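Asker: One structure follows; several queries about it will come next.
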Amino acid sequence: MKLKLVADENIPGIEDLLGPVAHITRVAGRDLQAEAVRDADALFVRSVTQVDAGLLEGSRVRFVGTATAGTDHIDKVWLRQQQIAFHSCAGSNANAVVEYVLAAIAETGDTLERLFAGARVGIVGYGHVGRSLAARLDALAIEWCAYDPWMDKGAIARPGTLADVNASDVICIHAELTRREPWPSHHLYDAAALDAIRSSQLLINASRGPVVDNAALKQRLSAANAPVAVLDVWEQEPQLDLELLELVRFGSAHIAGYSIDGKLRASRMLAEALTGSLGLKPPVVGSATAPQLELGLGTGPADRAAVVRGLLGQVYRLAEDDQLLRSKANDVPECIGTAFDELRRGYRQRRELAGAVLVGLRPQGFVRDIAAALGVLCA
């Protein structure tokens, strides 16, 4: 008998992976109600679904998986008490988020040139995304330091204090959202912290919206000496402050990790965890894998920054997501929450740069080195 699986409509490839062993019901994750999972054996969600006793009590769900790295939407303590197996997909979208951050840097003035000239990136949070970003920066020979008080001493290759990170030319926030003491991240960037950020600095938040006090950020960005900000995440999602959107350099609808490669990676992780937990036949992994991507390389004059932009631009341009969100905000400002979710639900099949193959020219010197640093293979 097939198990009953309820899955968020934005998790791709599940039918290919689990069709032989499961009856799959697709749902809109933000609107999921207890009745929809009452008779389910398993539940796959994304970050828009709160999973707790209110959703699952009285159901027969024995496995919960989230196709995300963050788990602040999951009551893991309650799941353990109910002996419900749980799996998250930490690391599945880390590279996609890193490429989003690199795009934000590359598309913001001369920030990338300054980093290649010796400026520094500060990283808040040294989990899967923070470590992946640090590795990319190392490969690109860009200076960085990271702050994560929850990590064991010595676990961070280039540790810094929060003050060190906040003094960096680019500040990248990748912290888990928590209110736990002694180092809560909720409103870690409050008015005092934001006031200390200089006009020459770039602040990027691709973690969770409430890590930055959005009201304080709006006030800071309204000042004459405001820094530059890029937000992929917002307080009160899917609602967002349209006045704040007008003030940021780039804004997007919580899609930093939304590459099809990352989504399919998460789907495979969930399918493997579910079948392993329930003793079922493992999925056929190749049935939900994105095809290899081929890239070209321009023949014009190039420096390191130009090569990075040329390669990144073939798979992702943050300006396009920024324009989509602003267009929705202008067209239907009173329904921005619905529009925000529609942008996520209908998101294009964005590919990742890492793992792509560079065909045609055989690059030499720094061009070859930059391609390798970004994870691009040379045919």
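Asker: So which residues in region 89-133 are more than 18 Å from residue 318 (Cα to Cα) and either in contact with a strand residue (DSSP E or B) (Cβ under 6 Å, 6 or more places away or on another chain) or of a type in the set (Lys, Arg) (or both)?
Answerer: Within region 89-133, 114, 120, 121, 122, 123, 124, 126, 130, 131 meet the criteria.
Every residue, every condition in (1) part of a loop (DSSP other than H, G, I, E, B); (2) out of contact with any helix residue (DSSP H, G or I) (no Cβ under 7 Å at 6 or more places or on another chain); (3) polar (S, T, N, Q); (4) under 17 Å from residue 179 (Cα atoms), yes or no:
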site: 207; (1), (2), (3), (4): yes, yes, yes, yes
site: 225; (1), (2), (3), (4): yes, yes, yes, no
site: 233; (1), (2), (3), (4): yes, no, no, no
site: 236; (1), (2), (3), (4): yes, yes, yes, yes
site: 239; (1), (2), (3), (4): yes, no, yes, no
site: 243; (1), (2), (3), (4): no, no, no, no
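Asker: Scan region 132-152 and report the pairs whose first residue is free of Cβ contacts under 8 Å to residues at least 24 places away in the same chain and whose second residue is acidic (Asp, Glu) and surrounded by fewer than 21 Cβ atoms within 10 Å (Cβ to Cβ), with Cβ atoms within less than 8 Å and a gap of 6+ or a chain change.
Answerer: Going by the 8 Å Cβ cut-off, the qualifying pairs are 137/143.
Asker: May I pose another question? Mind checking which residues of region 7-36 are of a type outside the set (A, V, I, L, M, F, W, C), within 23 Å of the chain's Cα centre (by Cα) and surrounded by 14 or more Cβ atoms within 10 Å (Cβ to Cβ)?
Answerer: 8, 10, 12, 13, 26, 29, 30 - these are the residues of region 7-36 that are of a type outside the set (A, V, I, L, M, F, W, C), within 23 Å of the chain's Cα centre (by Cα) and surrounded by 14 or more Cβ atoms within 10 Å (Cβ to Cβ).
Asker: Out of all the residues in region 101-116, is one or more more than 30 Å from residue 164 (Cα to Cα), buried (at least 18 other Cβ atoms within 10 Å of the Cβ) and touching a residue at least 40 places away in the same chain (Cβ under 8 Å)?
Answerer: Taking region 101-116 as the starting set, the residues that turn out to be more than 30 Å from residue 164 (Cα to Cα) are none.
No, that holds for no residue.
Asker: Name the residues in region 216-227 that are more than 19 Å from residue 103 (Cα to Cα) and surrounded by 14 or more Cβ atoms within 10 Å (Cβ to Cβ), would you?
Answerer: Step one: of region 216-227, the residues more than 19 Å from residue 103 (Cα to Cα) are 216-226.
Selection gives 216, 217, 218, 219, 220, 221, 226.
Asker: Next question, about the same structure. From 317, 304, 326, grab the single residue that is buried (at least 18 other Cβ atoms within 10 Å of the Cβ) and at pLDDT 90 or above. It would help to see each step written out before you state the result.
Answerer: Working: 317 fails: buried (at least 18 other Cβ atoms within 10 Å of the Cβ); 326 fails: buried (at least 18 other Cβ atoms within 10 Å of the Cβ).
Testing whether each residue is buried (at least 18 other Cβ atoms within 10 Å of the Cβ) and at pLDDT 90 or above leaves just 304.
Asker: Can I ask one more? Please specify each residue of region 163-186 satisfying the condition of being over 23 Å from residue 104 (Cα atoms) and either over 20 Å from the mean Cα position of the chain (by Cα) or free of Cβ contacts under 8 Å to residues at least 12 places away in the same chain (or both). Lay out the reasoning, then the answer.
Answerer: Taking region 163-186 and keeping what is over 23 Å from residue 104 (Cα atoms), we get 178-184, 186.
Once the filter is applied, which keeps residues that are over 23 Å from residue 104 (Cα atoms) and either over 20 Å from the mean Cα position of the chain (by Cα) or free of Cβ contacts under 8 Å to residues at least 12 places away in the same chain (or both), region 163-186 yields 179, 180, 181, 182, 183, 184.
Asker: Another question, then. So which helices (runs of 4 or more DSSP H) are wholly in region 317-379 and hold at least 3 residues that are among the small types (Gly, Ala, Ser) and within 25 Å of residue 107 (Cα to Cα)?
Answerer: Numbers: elements: 318-331, 336-345, 365-373.
Counting at least 3 such residues, we get 318-331, 365-373.
Asker: How many of the residues in region 65-81 are within 23 Å of residue 39 (Cβ to Cβ), touching a Lys or Arg at 6+ places or on another chain (Cβ under 9 Å) and not hydroxyl-bearing (Ser, Thr, Tyr)?
Answerer: Quick first cut of region 65-81, residues within 23 Å of residue 39 (Cβ to Cβ) only: 65-67, 73-75, 78-81.
Applying the additional criterion that residues be touching a Lys or Arg at 6+ places or on another chain (Cβ under 9 Å) yields 66-67, 73.
Narrowing the set further to residues that are not hydroxyl-bearing (Ser, Thr, Tyr) leaves 67, 73.
Residues that pass the stated criteria total 2.
Asker: Tell me, yes or no, whether region 268-289 has at least one residue that is touching a strand residue (DSSP E or B) at 6+ places or on another chain (Cβ under 9 Å), over 26 Å from residue 341 (Cβ atoms), in contact (Cβ under 8 Å) with a residue 60 or more places away in the chain and in a loop (DSSP other than H, G, I, E, B).
Answerer: Yes, there is a match, as at least one residue in region 268-289 is touching a strand residue (DSSP E or B) at 6+ places or on another chain (Cβ under 9 Å), over 26 Å from residue 341 (Cβ atoms), in contact (Cβ under 8 Å) with a residue 60 or more places away in the chain and in a loop (DSSP other than H, G, I, E, B).
Asker: So if I check each of 138, 152, which one is in the same structural domain as residue 177 (by TED's automatic domain parsing), farther than 21 Å from residue 228 by Cα, of a type in the set (Asp, Glu) and in a helix (DSSP H, G or I)?
Answerer: On the way: 152 fails: in a helix (DSSP H, G or I).
The conditions single out 138.
Asker: Taking region 168-210 as the search range and keeping residues that are touching a His at 6+ places or on another chain (Cβ under 7 Å) and among the aliphatic types (A, V, I, L, M), which one is farthest from residue 137 (Cα to Cα)?
Answerer: 177
The values are calculated or read from the model by the stated rules, or taken from the named source; none is laboratory data. Keep in mind it's a predicted model, so treat the numbers as computed, not measured. Note: ideal-geometry Cβ built from the backbone for every residue, glycine included; neighbour counts use all protein chains shown.
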